[in-house]
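Student: I'd like to ask you about the structure that follows.
The values are calculated or read from the model by the stated rules, or taken from the named source; none is laboratory data. Here the structure is a predicted model, which is why all the values come from computation and not from measurement. As a convention, Cβ positions derive from the backbone with ideal geometry for all residues, glycine included, and neighbour counts pool all protein chains shown. Heads up: the accessible areas ignore ligands, DNA and RNA and are worked out on the full protein's heavy atoms, side chains in. Shrake-Rupley method; radii C 1.70, N 1.55, O 1.52, S 1.80 Å.
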Amino acid sequence: MIVAGTTAEIIKLSPVMRALRDSGTPYQLWNTAQHVDGLRATLDDLGLSQPDEHFINPRTQRPLVRSSQVPGWMLRVALHALRHRRRLRRALHGRGRPLLIVHGDTFTTVLGALVGRFLGAPVAHVEAGMRSGDIRNPMPEEINRRVVARLARLHFAPTQREVDNLRREQAKGLIVDTGANTAIDALRTMLGAQQPPVELPDEFGLVTLHRFEMLRNSEVFSETLQVLKASSRLPLVMPAGDTERRRIEELGLTGLFDDRFRLVPKQPYARFLPILARSSFVVTDSGGLQQECGILGRPAAIQRDATESHQGLGENLVLTRLDPDRLRGFLDDWESYRRPSQLDEFHPTAVVMDCLRQEQYVAVSQIH
């Protein structure tokens with residue numbers, strides 16, 4: 001079983017789902033509906049089946065746009081697992097060796113791991129062991145990762161750095177170094193698969209700012225947009241969903257946008273990648289896009305105070321720590337951060353599948 005609820009989880013687990021399908025290994029996708037908008041389209045674009053199980057009725061699913069919505073959503077997911085535990089347990093245990101797979105550091109990751117343990121199945125965590133080093137930042141992702149490390153018994157860590165993190169924490173079970181994040185396999189499959197869905201300048205910088213902690217910090221969000229507008233020598237393109245657009249309006253920032261700083265509709269993953277492929281540089285607060293830029297060697301400013309992913313930092317990636325001067329420095333000299341692509345160097349999904357085909361992971365179900 002694979003538990004996912006965000007588009008990022010779907011994207012990064014899509015190579016695993018595709019490999020399971022192509023090998024004839026049956027699996028089910030259980031959806032927590034942490035994200036609603038774009039989830040169905042992302043699965044369609046990736047050529048994957050829609051979810052087999054919805055922990056929230058599709059007719060009542062609503063996007064989580066405020067942190068105050070999270071407790072009620074988590075309660076509904078937990079109640080669904082409790083009410084349907086016999087059926088879910090049969091589904092999980094009726095397919096040979098039970099295994100429940102989660103990904104990353106979201107609330108869905110924690111809930112999925114708890115559901116797996118509740119239903120008596122070992123939990124596999126893809127993208128395990130990533131740490132920022134600061135328990136408070138990013139919040140709540142850093143706490144989520146550490147909680148899941150305690151619940152999982154099969155840890156797929158992207159690099160030796162994450163393996164070492166898990167060993168220091170004495171994580172139980174099997175720790176596997178996959179060499180890279182599974183995002184690299186998704187990126188390899190989808191990059192260049194479509195034409196860009198919007199008209200683009202010949203050269204431009206790509207901007208994505210969407211995290212809760214960014215949008216709710218009005219001072220940082222406003223300053224970031226103002227620095228981008230004033231300091232970029234290239235035109236900018238910013239895909240934005242309803243949440244970001246509402247925040248821009250609330251803060252009176254709509255006047256910043258024009259032909260040289262364009263707001264365009266937020267795109268599902270497969271339609272976003274052609275925009276990324278044509279960009280000259282990136283400014284983002286997204287951990288997923290940070291990893292993709294690290295793989296591609298694309299110059300990128302990571303507009304965050306801390307990050308759990310270290311691939312590319314100090315090379316083609318600049319962690320701004322929300323310092324406007326660092327962001328200005330990157331915008332003034334982004335060309336110097338270009339690096340060769342590593343897209344063909346790693347195949348982490350193959351490592352995951354090799355582990356799942358072998359008997360070695362069976363023993364993890366005996367570790368409590």
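Student: Distance between the C-alpha centers of the stretch 256-281 and the stretch 315-348? Whole Å please.
Tutor: Cα centroid of the stretch 256-281 versus Cα centroid of the stretch 315-348: 18 Å apart.
Student: Would you list which lysines come within 28 Å of Lys12, measuring only between C-alpha atoms, while excluding same-chain residues fewer than 8 positions from it?
Tutor: Leaving aside lysines fewer than 8 places away in the same chain, those within reach of Lys12 are Lys172, Lys266.
Student: Separate question: Leaving out ligands and nucleic acids, note down the accessible area per residue over the chain with a 1.4 angstrom probe, in whole Å².
Tutor: Ligands and nucleic acids excluded, the result is 43 Å² per residue.
Student: Which percent, to the nearest 5, of DSSP beta bridges fully inside the stretch 1-158 are antiparallel?
Tutor: In the stretch 1-158, DSSP labels about 5 percent of beta bridges as antiparallel.
Student: Roughly how many Å² of Tyr27 are accessible to a 1.4 Å probe, to the nearest 10?
Tutor: 50
Student: What nm value, rounded to one decimal, do you get for the distance between Arg76 and Lys172 when each label is placed 7 Å out toward the C-beta?
Tutor: 3.3
Student: To the nearest 20 Debye, how big is the dipole of the chain about its Cα centre, given +1 on the beta carbon of each Lys and Arg and -1 on that of each Asp and Glu?
Tutor: 1800
Student: Follow-up. Quick one: ranking Glu244, Glu141 by accessible area, 1.4 Å probe, largest first, what do you get? Please list the in-between numbers first.
Tutor: Numbers: Glu244 10, Glu141 35 Å².
Ranked from most to least accessible, the order is Glu141, Glu244.
Student: Post the alpha-carbon centroid distance, the stretch 80-98 to the stretch 135-173, in whole angstrom.
Tutor: 26
Student: For the chain, what proportion of DSSP beta bridges, expressed in % and rounded to the nearest 5, is antiparallel? Walk me through the numbers on the way to the answer.
Tutor: Working: 2 of 37 bridges.
Restricted to the chain, the bridges split so that about 5 percent are antiparallel.
Student: May I ask you to rank Asp37, Asp45, Asp305 by accessible area, largest first, using a 1.4 Å probe over the protein chains only?
Tutor: Final ranking, largest accessible area leading: Asp37, Asp305, Asp45.
Student: Per residue of the chain, what 222 nm ellipticity follows from adding -39500 (n - 2.57) for every DSSP H run with n ≥ 4, rounded to the nearest 500? Present the calculation step by step, with values, prior to reporting the outcome.
Tutor: Details: 15 runs with 152 residues, N = 368.
Taking each H run of at least 4 residues, the total per residue is -12000 deg cm²/dmol.
Student: Normalised by the residues of the chain, what does the relative contact order come to in percent, with Cα pairs under 8 Å and at least six apart?
Tutor: Over the chain, the number comes to 16 percent.
Student: Please sort 203-214, 46-57 by packing, taking for each peptide the average over its residues of neighbouring beta carbons within 10 angstrom, highest first.
Tutor: Listed from highest to lowest mean packing, they are 203-214, 46-57.
Student: May I ask you to give the percent of accessible area on the stretch 83-149 that is carbon plus sulfur, with a probe radius of 1.4 Å?
Tutor: With neighbouring chains kept in place, the figure for the stretch 83-149 is 54 percent.
Student: Identify, among His103, Leu79, His54, the residue whose Cα sits farthest towards the positive end of the charge dipole of the stretch 39-104, taking +1 on the Cβ of Lys and Arg and -1 on the Cβ of Asp and Glu, with the dipole about the Cα centre.
Tutor: My answer, from the dipole projection, is Leu79.
Student: List the extent of the Cα atoms of the chain along each of their three principal axes, largest first, rounded to whole Å.
Tutor: Between the extreme Cα coordinates on each principal axis of the chain lie 58, 42, 39 Å.
Student: Name the residue from Gln160, Leu206, Ala186 whose Cα lies farthest towards the positive end of the charge dipole of the stretch 152-218, charges +1 on Cβ of Lys and Arg and -1 on Cβ of Asp and Glu.
Tutor: Gln160
Student: Could you work out what % of the accessible surface of the stretch 194-267 is carbon and sulfur, using a 1.4 angstrom probe and leaving DNA, RNA and ligands out of the count?
Tutor: Ligands and nucleic acids excluded, carbon and sulfur reach 42 percent.
Student: Roll a 1.4 Å probe over the protein heavy atoms and report the accessible area of Asp44 in Å², nearest 10.
Tutor: Answer for Asp44: close to 90 Å² accessible.
Student: Which values of log₁₀ I(q)/I(0), to two decimal places, follow from the Debye formula for the stretch 76-158 at q = 0.11, 0.21, 0.24 Å⁻¹ with a uniform point scatterer at every Cα?
Tutor: -0.30, -0.91, -1.09
Student: Report the antiparallel proportion of the DSSP beta bridges in the stretch 203-358 as a percent, rounded to a multiple of 5.
Tutor: Values: 1 of 19 bridges.
Among the beta bridges of the stretch 203-358, antiparallel pairing accounts for roughly 5 percent.
Student: A further question follows. Ser232: accessible area at probe 1.4 Å, nearest 10 Å²?
Tutor: 20
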